[in-house]
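Each remark here refers to the structure printed beneath this line.
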Amino acid sequence: MKKLLISVIAALFVISIAFTASAGQYDKITIATEGAFAPWNFTDSSGQLDGFEIELAKDLCKRMGVEYKMVPQAWDGIIPSLQAGKYDAIMAAMSITEKRKNAVLFSRYYAATPSIFIVLKNNGFDDLKTDVDAITLDQVSPEEEAAMSVLSDTFGGKTIGVQAATIQERFLQQYLGKSVEIKSYDTQENLELDLQSGRIDAALGAMSYWVPRLNDEKGKDFNMVGPGMTKGPFGEGVGVAVRQSDTELAAMFSKAINEAIADGTLSKLAIKWFTFDASAKE
Amino acid sequence: MKFDVMKESFPQLIGGVPETLLLVIFSLCIGFILAVIFAQLRLSKNRFWSWFAGSYIYIFRSTPLLVQIYLIYYGSGQFRIFLQELGLWTFFREAWFCAIMALSLNTGAYTAEIIRGGIQSVSWGEIEAGKAIGMKPLTLFRRIIFPVAIRQALPGYGNEIILIVKSSSLASTITILEITGIAKKIIAATYAPIEVFIIAGSLYLVMNFIVTRIIEFTEHKLNPQFYR
Amino acid sequence: MNFGLLGFGIEGWGDEMLRGAVMTLLVSMAAYGLGILLGILGTFLKLSRFFICRLLADIYTTIVRGIPELLIIYLVFFGGGIMLARINALVFGGSGFINLPVFVTGMTCIGFSSGAYSAEVIRGAVLAVPKGQIEAAKAIGMTPFTIFKRVLGPQTARLALPGMGNVWQLTLKHTSLISVIGLVEIMRQSAVASGSTREPFTFYAIGGLLYLGITSISNRGFSRAEKWAAKGVRSE
């Protein structure tokens, strides 16, 4: 019995040491993505990760001269798991927000995309019109103010679906939380299944996700309505997230992104995957 | 440990308790009715009904509850138009309804087996004695079979109640905000998983402790001859 | 319904679903194995002379019986790395993060819960071996190890077999919960396929059938094993 116990404990020690990753050096990193947010990142039917961020990660890591591995990770645990050390960086269409900056460190942004409402066609929202096409929430003009009240009147009392722990969820809670019912989903797939089935009246999501989606067979029943919204709760674009202690890694990513902007790689990738240029400029 | 997070999340998580309790109570009540019906069918001499009940019990006991929940909730969306024509979509539209339906069907299958075991434990002699003094089938069931069977089945049923309290956490996967759903939401906002789950876990432990006590108390009440 | 979706190859999801089933089997077996180890350990603790050991075992089974598996999975998944990193810093003085693959996290959680149920089954089986036999074995001078090997072990294994069959079913079903943390087993694969094809019913039904198949086959295996183990037992 004693021997058994000692050998079990010894085995556990060996296992725990085996799993201890070496710290400090960034010659080999693991990057997490969601794998369920096409065209940013998704899993194809053969189980392979693909998408804008998958190709971008390859390009950035080549520029940084590091070996890397990409792993899929459920969205709602993606930041805690980064802190826990499951991986070293996140590239999963994660917008840079003040709140997230308390938990992680971001590189410079590599893409930016407005958020917009999506509805089922012929479901009573098709003729929703506002005077402006875009709203910037950090500086709201009177016209934008009017557009916001149109939105809150239209969706008042309705159910709006959104992916959990996203900037869109945060926006809904802040701006429409009193007038609409918010339903939060673990994955975009489940959100769409419920939008299609009519369980929710509208969804709020990233334009970069929805524009290619609506041109696709799977999006033929959906429509985008209302203005595209940016800034404020929607953050300052999408960046690579790393642990707060990894300042050097963040700087490496920022430098590589700048290089990719300069030689046009980033914009080429964005047009390939989003059908419009959502990449970072300057 | 972030104790301020624990302090803040405690009232929020308590707010999820009624939702969890309602899920559990509704499912247990509906599941129990289903179970009584299916246990009778399973024991009936009609081969079709016995087979039918047997298949229901086998299928729901052999597949994970998560599959059953997703099949009912997301799966029903595939047949929306058909369900609308039948007028059933108003029910299936609600995550609540789907969660209770899945939990009820699930616990119904397990409970049917528990009840069947209880009924089979009633000895032939007792039933024959009842028949001999001229009891009608309903009276026989009410006065002899049911009281004996329920005593036999109670410990097993107590375990089933605890399992359903635990299983109700799966409702969080279809957008219902009960204890586990709220816990996940707080984590997304605070990034403090351990602290939040310690509180959520304790809430479940307390609920199950109370359930255990109630079952023990009922066992005492039902078997006064064994306790003095 | 479009049956072309179930084909094999690039267009169909048939091979992915089967791969998911293999992953479910692998993680179930690993968790079951871990559960048996923990169950044996738990039995020793539960039957120990020392109060503290029994208390430890009781805490273990109470937690597993009282807290939802889903919650335990989230806890270990989100908090496990942090805890391990703290232990690492404390015990080994290391500062590295500890990287647990989803498979290991899932297997540990489900194995942990499986272990508590195994402990109940194995303890019951050990207690069901008549005391007289052990006394007789002691009387003829067998060492504790020989008693375990010749008397207690084989009978416990036979008596525990039906209960362990139930634990296997439970473990198998619980592995579906690992899908929420991203392990691509039957459930996760069904979710990916139904999101991609917009046919959730089709794919969750297939997922359910795969579980049903695995359960039915393993049921048969266990009842065969029970028959085999009962060969030398006289039935009244």
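The values are calculated or read from the model by the stated rules, or taken from the named source; none is laboratory data. Worth saying up front: this structure is predicted, and the values here are computed from it rather than measured. When we count neighbours, we look across all protein chains shown, and the Cβ atoms used for this are built from the backbone with ideal geometry, even at glycine. Note: areas computed on protein heavy atoms with side chains; ligands, DNA, RNA excluded. Shrake-Rupley method; radii C 1.70, N 1.55, O 1.52, S 1.80 Å.
Some points to look at:
- Against the test of being loosely packed, with under 14 Cβ neighbours inside 10 Å, of a type outside the set (D, E) and over 16 Å from C:I36 (Cβ atoms), the options C:I147, C:I134, C:I140 yield a single qualifying residue, C:I140.
- Yes/no for B:K136 being modelled with pLDDT of 90 or more, surrounded by fewer than 18 Cβ atoms within 10 Å (Cβ to Cβ) and among the basic types (K, R): yes
- Enumerated helices (runs of 4 or more DSSP H) restricted to segment B:1-101, each holding at least 1 residues that are touching a Leu at 6+ places or on another chain (Cβ under 7 Å): B:3-14, B:17-43, B:47-62, B:65-77, B:89-92
- Considering residues of segment C:1-22 that are at pLDDT 85 or above and away from every other protein chain (no Cβ under 11 Å) only, the residue surrounded by the fewest Cβ atoms within 10 Å (Cβ to Cβ): C:V22
- Residue ID - nearest to the other protein chains (Cβ to nearest Cβ), chosen from residues in segment B:95-117 that are open to solvent by less than 10 Å² (accessible area, probe 1.4 Å) and of a type in the set (V, I, T): B:T107
- Across segment B:199-215, the qualifying residues are those that are open to solvent by 10 Å² or more (accessible area, probe 1.4 Å) and without any contact (Cβ under 8 Å) to a residue 40 or more places away in the chain, and the one among them that is nearest to the other protein chains (Cβ to nearest Cβ) is B:L205.
- Residue check, C:L161 of a type outside the set (G, A, S), in contact (Cβ under 8 Å) with a residue 24 or more places away in the chain and within 10 Å of another protein chain (Cβ to nearest Cβ): no
- Flag if A:K220 is closer than 22 Å to B:F92 by Cβ and not small (G, A, S): no
- Every residue from segment B:49-85 that is aliphatic (A, V, I, L, M), touching a residue at least 24 places away in the same chain (Cβ under 8 Å) and more than 8 Å from every other protein chain (Cβ to nearest Cβ): B:A53, B:I57, B:I69, B:I72
- Residue within segment C:57-66 that is open to solvent by 20 Å² or more (accessible area, probe 1.4 Å), away from chain B (no Cβ under 14 Å), under 30 Å from C:P144 (Cα atoms) and not in a loop (DSSP other than H, G, I, E, B) present: no
- Restricting segment B:183-198 to residues that are open to solvent by 20 Å² or more (accessible area, probe 1.4 Å) and in contact (Cβ under 8 Å) with a residue 24 or more places away in the chain, the residue that is farthest from the chain's Cα centre (by Cα) is B:T190.
- For segment B:197-225, a residue qualifies if it is closer than 30 Å to A:K183 by Cβ and modelled with pLDDT under 90, and the qualifying residues are B:F197, B:I198.
- Subset of segment C:195-222 that is farther than 28 Å from A:N190 by Cα and in contact (Cβ under 8 Å) with a residue 40 or more places away in the chain - its residue that is nearest to the other protein chains (Cβ to nearest Cβ): C:N219
- Any chance C:L90 is within 21 Å of the chain's Cα centre (by Cα), open to solvent by 20 Å² or more (accessible area, probe 1.4 Å) and modelled with pLDDT under 80: no
- Unique match (being closer than 22 Å to C:M187 by Cα, open to solvent by 40 Å² or more (accessible area, probe 1.4 Å) and in a helix (DSSP H, G or I)) among B:L163, B:L170: B:L163
- Criterion violated by C:T197 - all others in (1) over 15 Å from the mean Cα position of the chain (by Cα); (2) at pLDDT 90 or above satisfied: (2)
- Filter result for C:Q189 (in contact with a Gly (Cβ under 9 Å, 6 or more places away or on another chain), open to solvent by 10 Å² or more (accessible area, probe 1.4 Å), among the polar types (S, T, N, Q) and modelled with pLDDT of 90 or more): yes
- Qualifying residue in segment A:226-248 (condition: without any contact (Cβ under 8 Å) to a residue 60 or more places away in the chain, touching a Lys or Arg at 6+ places or on another chain (Cβ under 7 Å) and of a type outside the set (D, E, K, R)): no
- Looking only at segment B:118-133, residues that are open to solvent by 60 Å² or more (accessible area, probe 1.4 Å) and in contact (Cβ under 8 Å) with a residue 40 or more places away in the chain come to 1 in all.
- Of all the criteria given as (1) assigned to a helix (DSSP H, G or I); (2) more than 24 Å from A:E192 (Cβ to Cβ), the one not satisfied by C:K231 is (1).
- Flag: C:Q189 does not match the condition of being of a type outside the set (S, T, Y) and away from chain A (no Cβ under 14 Å).
- Residues of segment B:1-27 satisfying the condition of being in contact with a helix residue (DSSP H, G or I) (Cβ under 6 Å, 6 or more places away or on another chain) and either open to solvent by less than 70 Å² (accessible area, probe 1.4 Å) or free of Cβ contacts under 8 Å to residues at least 12 places away in the same chain (or both): B:V5, B:M6, B:S9, B:L13, B:G16, B:T20, B:L23, B:V24, B:S27
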